[in-house]
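The values are calculated or read from the model by the stated rules, or taken from the named source; none is laboratory data. Quick caveat, the model's predicted, so the values are computed rather than measured. Counting neighbours? That spans all protein chains shown, and the Cβs are built from the backbone with ideal geometry, glycine included.
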Amino acid sequence: MPALFGARSQRWLTLAHVQTVLGPVHPGSLGVTLPHEHLFITLAGASPPGSGDGLQGRPISPHELDDARRRPHRYRAALALEDLDEQCRELIAFREVGGGCVVDVTPPDLGRSPARLVELARRSGVAVVMGCGHFVHTFHPPGLAAMDEEEIQAEILRDLVAGVDGVRAGIIGEIGLGWPHHPEEERVLRAAARASAATGVALTVHPGHAARSCFRALEVVAEAGGAPERTVIGHLERTLFDLEDFVALARTGCYLEFDLFGREVIHHPLAPPGKPGDVVRIEWMVRLAERGFGDQLLASHDVAYRTDLRAYGGPGYAHLLTSVVPVMRGRGMPEELIRALLVDNPARMLAVADGEGDEPGRVQG
Ligand SMILES: [Zn+2]
């Protein structure tokens, strides 16, 4: 069997922590971790003009569920995760099948909700890591255009170090990019890379819908002093379609995140053209591991619409554990690789050496 992992898998995490909304924890305590999800979010601003009109506020009826999963932007009720009790039930379902940690990569632009994340973590027993930074240009808050790189970096560092009302972010992102990149998106990305370099906290990127966006994003990160090894490029299964592109991206040292597990619906706006489905995602991951990149792979669901929840017939947060791992095993994926995807890689990605993350200006060695 070829070596599935590169050198980084040997670096075990001793004097390190992960910043959760309830405080720092040891990376080895997280267990199965979903590195790219949303727990509270509002996507109403993402509706194409006219969509959702006339449906506002009305619950989705059972006979509409299939259509709402394919075309969530037609249903206003699908465009927000905001019910604490409902989210708690969804996270408990994840915990009950062995889940340990969820990373909420919702930036403030999309309705990040620090106090409710704390409440959700307490009530569900699942560790929650909070994000920070800014999403794609169309969601940027008024005023961001007038901020320079230093001001944006200072804002990110505040969320990482002081926190929002004491709740500290544990990851930077998801930083949103369109394609071509808007100049303000690249300014945010440079500020995010500088904050990552200053604290050792990882940076997670939502690339534009083009392979070149992934490579350009890593150039911007490196130019700003950030490290590809501390950078996650997300949504790869809707962005890259050629094994050699995946390999070239992996060679930069970044994490490669397949975070749309559970999206099997070919008409969904985020479904990859012609290549939908978990089976295809698993094949990409196996082929990348066979090339030695097994310690750079991450898997998640990007739950973002209400119709992604189990309560609405969706895959929810437990889908990887309940429905994908059996397919991975059936495919013959080695147990050590499954463990790397679900436990070790996200823990290493989130881990910050003790002493780092507390002092802005300190540069990771
Ligand atoms: Zn995204």
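Results, tabulated for the structure shown:
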| read-out | value |
| --- | --- |
| Residues of segment 29-45 satisfying the condition of being in a strand (DSSP E or B) and either over 21 Å from residue 255 (Cβ atoms) or of a type in the set (A, V, I, L, M, F, W, C) (or both) | 32, 34, 41, 42 |
| Failed item, numbered, when residue 239 is tested on (1) more than 16 Å from the ligand (Cβ to nearest atom); (2) modelled with pLDDT under 95; (3) among the polar types (S, T, N, Q) | (1) |
| Criterion violated by residue 111 - all others in (1) surrounded by 24 or more Cβ atoms within 10 Å (Cβ to Cβ); (2) small (Gly, Ala, Ser); (3) within 16 Å of the ligand (Cβ to nearest atom) satisfied | (1) |
| Identity of the residue in segment 146-195, touching a His at 6+ places or on another chain (Cβ under 8 Å) and not aliphatic (A, V, I, L, M), that ends up nearest to the ligand (Cβ to nearest atom) | 174 |
| Count - residues of segment 138-181 that are crowded, with 18+ Cβ neighbours inside 10 Å and out of contact with any strand residue (DSSP E or B) (no Cβ under 7 Å at 6 or more places or on another chain) | 9 |
| Odd one out for residue 54 among (1) at positive phi; (2) at pLDDT 95 or above | (2) |
| Scan of segment 114-145 for residues that are within 16 Å of the ligand (Cβ to nearest atom) and assigned to a helix (DSSP H, G or I), ordered by number | 137, 138, 139 |
| Residue pairs meeting the criteria (Cβ under 8 Å; at least 6 apart or on separate chains; first more than 19 Å from residue 320 (Cβ to Cβ), in segment 281-292; second among the β-branched types (Val, Ile, Thr)) | 291/247 |
| Residues that are touching a Ser or Thr at 6+ places or on another chain (Cβ under 9 Å), more than 14 Å from the ligand (Cβ to nearest atom) and of a type in the set (A, V, I, L, M, F, W, C), drawn from segment 196-223 | 202, 210, 211, 215, 218, 221, 222 |
| Within segment 198-219, considering residues that are buried (at least 20 other Cβ atoms within 10 Å of the Cβ), aliphatic (A, V, I, L, M) and more than 17 Å from residue 107 (Cβ to Cβ), the one nearest to the chain's Cα centre (by Cα) | 218 |
| Members of segment 242-276 that are at pLDDT 90 or above, within 16 Å of the ligand (Cβ to nearest atom) and more than 22 Å from residue 340 (Cβ to Cβ) | none |
| Filtered residues of segment 292-313 (kept if surrounded by fewer than 23 Cβ atoms within 10 Å (Cβ to Cβ), in contact with a helix residue (DSSP H, G or I) (Cβ under 6 Å, 6 or more places away or on another chain) and part of a loop (DSSP other than H, G, I, E, B)) | 293, 309, 313 |
